[in-house]
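Reading through the structure tokens given below for one structure.
The values are calculated or read from the model by the stated rules, or taken from the named source; none is laboratory data. Being a predicted model, the structure only gives us computed values, none of them experimental. Reconstructed Cβ throughout: ideal geometry from the backbone, glycine too, with neighbour counts over all protein chains shown. These area figures cover heavy atoms from the full protein model, side chains too; ligands, DNA and RNA do not enter into them. Shrake-Rupley method; radii C 1.70, N 1.55, O 1.52, S 1.80 Å.
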Amino acid sequence: MTTTTPATTGLDAAALRDRLNTLASAAGIQQWDLGAACSTDSSVQVDRGEPKQLKGAQRSAITVRVWNSDQRIGITSTSDLSDAGLARALEGAKAASAFGNPEETPAFSPLAQAPLPVLDQPLREPLGILSLLATLKDAEADLLARHPAIGTVPYNGLAERSSDRLYLNSEGACRQQSLTTASLYLYARAEEAGRKPRSSGAVRLAYGAADLDVAGCVAEAAERTIAHLDYGPIPTGHYTCVFSPEAFLDLIGAFSSLFNARAVLDGISLSTRESLGTPLAVPFLSIHDNGLHPANIGAAAFDGEGTPTRRLALVEGGILQNFLHSEATARAFGVAPTGHAGMGAKVSVSPDWFEISATPGQGGAASGLNRFARGAAGRDRADGGSGAGLVVIDSLSALHAGVKASQGSFSLPFDGWWIQDGEQRSIEAATVAGDIRQLLRSLVGFEGAGKVTPAGLSPWVWVEDLAVTGDA
Amino acid sequence: MTSPTCNTSAPFHDPTWSARLEPLLASGRRCGADLVEFFLERTDHLSLLAEQELITSVSPSFGMGAGIRVFRGHRDGFVSTNDLTPAGLMRALEQALAMLGLESSAAAPMGSFDGLPPLRDHGTVKGDWLDRCPSLADASGRLLQGTALLDRHGSHLQARRASYSRSWQDVLVVASDGTHCRDIRLHQTVGLSVIAADGDHRASLSRRYGTTDNPDDLRDWDCEAAARDLGDSTATMLRADFVEAGQYPVVLANRFGGVIFHEACGHLLETTQVERGTTPFADKVGEPIAHGAVTAIDEGMTGGAFGSLAMDDEGMEPQRSVLIENGILRRFLSDRAGELRTGHARTGSGRRQSHAFAAASRMRNTYIAPGPHQPQDLIASIDRGLYCKTMGGGSVGPTGQFNFAVEEGYQIENGRLTKPVKGATLIGEAKEVMPKISMCADDLDLAAGFCGSVSGSIYVTVGQPHIKVDAITVGGR
């Protein structure tokens, strides 16, 4: 029920702590901490009614960190949880500590023994692989029946997982979390005679496979795929664009180094120490990181250093408010850790789950923008009567290649629609390009209530004057 | 079933492993499996990061695990585990069998198993490789030399990084068809990256080098040349304008330019894609799918190349596969499951990131063969276009649409390179772009890379000579 309940399977925290204490003592190690995880997974894929691959996995992994007499840190990771494996890991970490960075040594988080947030995360019994298979076969069949052009569902999967993770340190901190999750994804491929194939899909997450919204996933995958069947080229130009919640969250995630104290200290972020308190975006934009949102399936109660996770304001009223921190970066900034650390010799910092919203009293939210689907009226208002039309960006691709986070630039392929003269048509192939800082200052407004996605919560986001390259 | 004494740390060429695994293979066959395969691995990895004048991260890791795959008809079940004890392996096997409805008490047809042949050991001469790799002190010193050289050869540098990664893997593959082989793999990669800033101008560029099976790789690395090359490119790109979007002819440089073939076509020639119905080339063997200037090859045998291997992850020795010959599609890359489900013969292309993934048909060293032209001929043939000197990553989607980023580009005007441009993304569709590769130069060269797909992230080589694409969509501002 809560994240602080002992593991039901897998990791025995007390036994592991005793073994580490004994082995560390024998190795002359006074200070150490450890992150461990184990999981059991089952997953299925199908292909036109036949099982394609059935998979199971049992995984275990630990990372140990040790501090040497010069207070330098070393780490080693292993999947070997035997005594011999743990001893070797401690030896490896001790050897690595000789090369630890003398100018920045992580310490135990001051919050490693602070109370954890209580999460409502029901632990579900696994349904078993044959049950998963039957469910996925039905879902695939349902999706294939939605439109004659949908011929295959080439990317599909239904999985369930139970996992334990823990954090221990030599000062007595002991964090443990047990979790069950399930996921379903369906990406359909549709092709009409004489036309190019089109593809789209949907994803659902839940605490157990029986809780998954299978029907909703099928319906959304079908709707999105069918919506792209009638496609055409778009002329290259500058357009007002509407980002779907998924697309906008992907873009913000790709540029999350803006909010990352580790990246700031390393000089690879567009932000600097002095950026805090300065405008980053239009006055109505708020961005929070909130892994504790009830809709965040699989939320972590603590980070890799044992720090409790929490909701953190990153941008409010367009002003950069806070950075994401580990223990070491927080110490460098003179603030408390925020619960966003990994575990390592150089501790990484990463966002958890974004909430995009309108800052109260600053406008922007549903600021008179008509739904794009309403046609000409909304379009005319959106493009200022220029006649160029409106581009709806449904999903972005290739973020790993097309985003230059340290430069602020992006050039990304996307799937979407072009709305002109009251008609909506899928775009055959196009890229959208720009600068993230410029984009954040060019937001026109939000549309609709925030939509929950696996990456966060966001409304549809309208942005002016983005470069779109088409092949018309 | 009885098991020999458990010693999971015994080396994989120790005969106790075959004695331990044979009863499991026999058990799987008796339960009605057509084929049972065990992939066992031990790993030892090390990664280091230097930033400016400091080593800021040293991350060793080691592990072990097994992937157990069972085939019955066209179906398969796969289970991975970190537990290499006889009980752990038996438990995983039983789980894989159960996925296919096979149990020891089932009334399924009993299969026979004739025992394993002697071990085919590709690792015999590789036993000391791990010890011959650079020590932590040596590797650290080399990286710090790299960041110092970046400082010497660069300007306006805000961040300088050098990284090193060493991946050692000891692999044993056994299967009920008599596969019984072992190999030791060693991959090392070293990279440099910088961020330069001057006012509003910013540039971030990187270079990465990698080899396989060369313990001296880091010692052999020409650190000076790499730092000078990156420094020169960064200085050029710092004040580059954004590329003008549109449809252009482009010339792609050799080495990592080969990512265009990898993304635009190579993935579509894997039987994994045939199985999924996501390749437009499934029924095109013997037919033209590319310009007649294009011959493309995938192989796993080039000495030291990142995608080379003594055996694939299903125990098959690699082949040289001519995929496209003068524009005609000749064959697909196939693994065990691909052969079973599509009929395309195995090519030694069954690959996986680790024991946690089932093998799939994947590329190895993939390149376009050299042509008759000089690189300058290609540029001279274009009035207005784009020269792509270095490429970033790319991807291909389920409909064959591909994309990749251009890291360092130059405008071509009247047959000559002019100003540098940044921010370009090339997009297109395999069926449309392959016939437009109209000229190939004579300067084939290869580059190391990583490829992420259905069986995880694997080491690959991409390559090509300079090539000309008559028209492609260039995304920009």
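Conditions: (1) assigned to a strand (DSSP E or B); (2) surrounded by fewer than 24 Cβ atoms within 10 Å (Cβ to Cβ); (3) modelled with pLDDT under 95. A:Ala472 meets all but one. Number of the miss?
Result: A:Ala472 fails condition (1) only.
I'm told B:Ser57 meets every condition in (1) open to solvent by 40 Å² or more (accessible area, probe 1.4 Å); (2) touching a Leu at 6+ places or on another chain (Cβ under 9 Å); (3) not β-branched (Val, Ile, Thr) except one. Can you identify the failing condition by its number?
(1)
From the set of residues in the range B:82-95 that are free of Cβ contacts under 8 Å to residues at least 60 places away in the same chain and within 17 Å of B:Glu37 (Cβ to Cβ), which is nearest to the other protein chains (Cβ to nearest Cβ)?
It comes out as B:Gln95.
Within the range A:52-71, which residues are closer than 25 Å to B:Gly63 by Cα and either at the interface with chain B (Cβ under 9 Å from one of its Cβ atoms) or not in a strand (DSSP E or B) (or both)? Don't jump to the end; show me each part of the working.
Taking the range A:52-71 and keeping what is closer than 25 Å to B:Gly63 by Cα, we get A:54-68.
Once the filter is applied, which keeps residues that are closer than 25 Å to B:Gly63 by Cα and either at the interface with chain B (Cβ under 9 Å from one of its Cβ atoms) or not in a strand (DSSP E or B) (or both), the range A:52-71 yields A:Leu54, A:Lys55, A:Gly56, A:Ala57, A:Gln58, A:Arg59, A:Ser60, A:Ala61, A:Thr63, A:Asn68.
Within the range A:399-441, can you find the residues that are outside any strand (DSSP E or B), surrounded by fewer than 20 Cβ atoms within 10 Å (Cβ to Cβ), in contact with a strand residue (DSSP E or B) (Cβ under 9 Å, 6 or more places away or on another chain) and free of Cβ contacts under 8 Å to residues at least 60 places away in the same chain?
A:His400, A:Gln438
Against the definition (in contact with a Phe, Trp or Tyr (Cβ under 8 Å, 6 or more places away or on another chain), within 12 Å of chain B (Cβ to nearest Cβ) and not in a strand (DSSP E or B)), how does A:Gly92 come out, yes or no? Working first, answer last.
Numbers: in contact with a Phe, Trp or Tyr (Cβ under 8 Å, 6 or more places away or on another chain): yes; within 12 Å of chain B (Cβ to nearest Cβ): yes; not in a strand (DSSP E or B): yes.
It is true that A:Gly92 is in contact with a Phe, Trp or Tyr (Cβ under 8 Å, 6 or more places away or on another chain), within 12 Å of chain B (Cβ to nearest Cβ) and not in a strand (DSSP E or B).
Within the range A:95-129, track down each residue that is away from every other protein chain (no Cβ under 11 Å), open to solvent by 60 Å² or more (accessible area, probe 1.4 Å) and in contact with a helix residue (DSSP H, G or I) (Cβ under 8 Å, 6 or more places away or on another chain).
A:Pro110, A:Arg124, A:Pro126, A:Leu127
Which members of the range B:203-251 meet the condition of being at pLDDT 95 or above, over 19 Å from B:Leu150 (Cβ atoms) and of a type in the set (A, V, I, L, M, F, W, C)?
Answer for the range B:203-251, where residues must be at pLDDT 95 or above, over 19 Å from B:Leu150 (Cβ atoms) and of a type in the set (A, V, I, L, M, F, W, C): B:Ala240, B:Val250, B:Val251.
Considering only residues that are part of a loop (DSSP other than H, G, I, E, B) and either farther than 22 Å from A:Val64 by Cα or acidic (Asp, Glu) (or both), which ones fall in the range A:338-364?
Hits for the range A:338-364 are A:Pro351, A:Asp352, A:Trp353, A:Thr359, A:Pro360, A:Gly361, A:Gln362, A:Gly363, A:Gly364.
Does the range B:427-443 include one or more residues that are open to solvent by less than 10 Å² (accessible area, probe 1.4 Å) and within 9 Å of chain A (Cβ to nearest Cβ)?
No - not one qualifying residue is present in the range B:427-443.
Hey, any hits in the range B:341-348 for a residue that's out of contact with any strand residue (DSSP E or B) (no Cβ under 8 Å at 6 or more places or on another chain), of a type outside the set (Phe, Trp, Tyr), in contact (Cβ under 8 Å) with a residue 12 or more places away in the chain and on the phi > 0 side of the Ramachandran plot?
Yes, the range B:341-348 contains at least one residue that is out of contact with any strand residue (DSSP E or B) (no Cβ under 8 Å at 6 or more places or on another chain), of a type outside the set (Phe, Trp, Tyr), in contact (Cβ under 8 Å) with a residue 12 or more places away in the chain and on the phi > 0 side of the Ramachandran plot.
Only one residue in B:Ala227, B:Ala175, B:Ala159 is of a type in the set (A, V, I, L, M, F, W, C) and within 14 Å of another protein chain (Cβ to nearest Cβ), so which one is that?
B:Ala159
Considering only residues of the range A:165-193 that are touching a residue at least 60 places away in the same chain (Cβ under 8 Å) and touching a helix residue (DSSP H, G or I) at 6+ places or on another chain (Cβ under 8 Å), which is surrounded by the fewest Cβ atoms within 10 Å (Cβ to Cβ)?
Among them, the one singled out is A:Cys174.
Is the range A:42-51 home to any residue that is open to solvent by less than 10 Å² (accessible area, probe 1.4 Å) and either among the charged types (D, E, K, R) or at the interface with chain B (Cβ under 8 Å from one of its Cβ atoms) (or both)?
No, because not a single residue in the range A:42-51 is open to solvent by less than 10 Å² (accessible area, probe 1.4 Å) and either among the charged types (D, E, K, R) or at the interface with chain B (Cβ under 8 Å from one of its Cβ atoms) (or both).
Of the residues that make up the range B:93-102, is at least one open to solvent by 30 Å² or more (accessible area, probe 1.4 Å) and on the phi > 0 side of the Ramachandran plot?
yes
One line per residue, one yes/no per condition, for (1) without any contact (Cβ under 8 Å) to a residue 60 or more places away in the chain; (2) over 26 Å from B:Arg351 (Cα atoms); (3) assigned to a helix (DSSP H, G or I); (4) out of contact with any strand residue (DSSP E or B) (no Cβ under 9 Å at 6 or more places or on another chain):
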| site | (1), (2), (3), (4) |
| --- | --- |
| B:Thr8 | no, no, no, no |
| B:Trp17 | no, no, yes, no |
| B:Asp44 | no, no, no, no |
| B:Ser47 | no, no, no, no |
| B:Ser57 | yes, yes, no, no |
| B:Phe71 | no, no, no, no |
| B:Leu97 | no, no, yes, no |
| B:Glu103 | no, yes, no, yes |
| B:Asp114 | no, yes, no, yes |
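Check whether at least one residue in the range B:296-305 is among the polar types (S, T, N, Q), closer than 30 Å to B:Leu40 by Cβ and open to solvent by 20 Å² or more (accessible area, probe 1.4 Å), and report yes or no.
yes
Could you look through the range B:22-42, keep only residues that are open to solvent by 30 Å² or more (accessible area, probe 1.4 Å) and not in a strand (DSSP E or B), and pick out the one that is nearest to the other protein chains (Cβ to nearest Cβ)?
Across the range B:22-42, the extreme among qualifying residues is B:Asp34.
List the pairs whose first member sits in the range A:332-350 and is more than 14 Å from every other protein chain (Cβ to nearest Cβ) and crowded, with 22+ Cβ neighbours inside 10 Å, whose second member is of a type in the set (Lys, Arg) and assigned to a loop (DSSP other than H, G, I, E, B), and whose Cβ atoms are under 8 Å apart, counting only residues at least 6 apart or on separate chains?
What qualifies is A:Thr338/A:Arg310; A:Gly339/A:Arg310.
Find all pairs meeting these conditions: Cβ atoms under 8 angstrom apart; at least six residues apart or on different chains; first residue within the range B:297-312 and β-branched (Val, Ile, Thr); second residue open to solvent by 10 Å² or more (accessible area, probe 1.4 Å) and assigned to a loop (DSSP other than H, G, I, E, B).
Close Cβ pairs (under 8 Å, with a partner that is open to solvent by 10 Å² or more (accessible area, probe 1.4 Å) and assigned to a loop (DSSP other than H, G, I, E, B)) amount to B:Ile297/B:Ala369; B:Thr302/B:Ser308.
Got a sec? Which helices (runs of 4 or more DSSP H) wholly within the range B:216-327 have at least 1 residues that are closer than 30 Å to B:Glu432 by Cβ?
B:223-237, B:259-264, B:271-276
At least 1 residues that are open to solvent by 10 Å² or more (accessible area, probe 1.4 Å) and within 14 Å of chain A (Cβ to nearest Cβ) in each: list the strands (runs of 3 or more DSSP E) lying fully within the range B:360-414 that qualify.
B:384-396, B:401-413
List pairs: first residue in the range A:288-304 and among the charged types (D, E, K, R), second residue in a loop (DSSP other than H, G, I, E, B) anywhere in the structure, Cβ distance under 7 angstrom, at least six positions apart or on different chains.
A:Asp289/A:Pro351; A:Asp289/A:Asp352; A:Asp289/A:Trp353; A:Asp303/A:Thr309; A:Asp303/A:Gly339; A:Asp303/A:His340
With respect to B:Gly111, determine if the residue is away from every other protein chain (no Cβ under 14 Å) and of a type in the set (Gly, Ala, Ser). Walk me through it before giving the result.
Values: away from every other protein chain (no Cβ under 14 Å): yes; of a type in the set (Gly, Ala, Ser): yes.
For B:Gly111, the condition - away from every other protein chain (no Cβ under 14 Å) and of a type in the set (Gly, Ala, Ser) - is met.
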